[in-house]
1. Taking GLU18 as the residue in question, decide whether it is within 15 Å of the chain's Cα centre (by Cα), acidic (Asp, Glu) and at pLDDT below 70.
2. Please work out which one of (1) at pLDDT below 75; (2) small (Gly, Ala, Ser); (3) assigned to a strand (DSSP E or B) is the condition GLY70 fails and give its number.
3. So the check is Cβ under 9 Å with 6+ separation or different chains; which pairs have a first residue in segment 1-13 that's aliphatic (A, V, I, L, M) and a second one that's outside any loop (DSSP other than H, G, I, E, B)?
4. Do we have any residue at all in segment 54-67 that's more than 12 Å from the chain's Cα centre (by Cα), modelled with pLDDT under 70, farther than 20 Å from ARG15 by Cβ and not aliphatic (A, V, I, L, M)?
Amino acid sequence: MDDPVLGEPSDADVRFLEDRLYEFNVEATGQADGRGLGVFVRDEGGGIVAAAAGHTWGGTVAELLDYPAGYRHLVMRKLLNAAV
């Protein structure tokens, strides 16, 4: 077995870990309702000015939110609409 690597994991390594955790949680709980979600607010030129991203699982929203305070209500409204 190779020595473990500490530091910045690759996107593929993180995805591998997330997939194994999801599989474990599905087996342990019987809930397989997870899905990704994201809200991106763009300016007139298409640039991202606010965003929220994460996932749902087990009827809850997990791991998200990065947006400027001026966009809080818009982003949260769009996020909640997407989650239900």
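1. Values: within 15 Å of the chain's Cα centre (by Cα): yes; acidic (Asp, Glu): yes; at pLDDT below 70: no.
So GLU18 does not fit the description; no.
2. The failed condition is (3).
3. What qualifies is VAL5/ASP13.
4. Yes, segment 54-67 has at least one match.
The values are calculated or read from the model by the stated rules, or taken from the named source; none is laboratory data. Because the structure is a prediction, the values reported are computed rather than measured. A quick note on method: Cβ atoms are made from the backbone with ideal geometry, for glycine too, and the neighbour counts reach across all protein chains shown.
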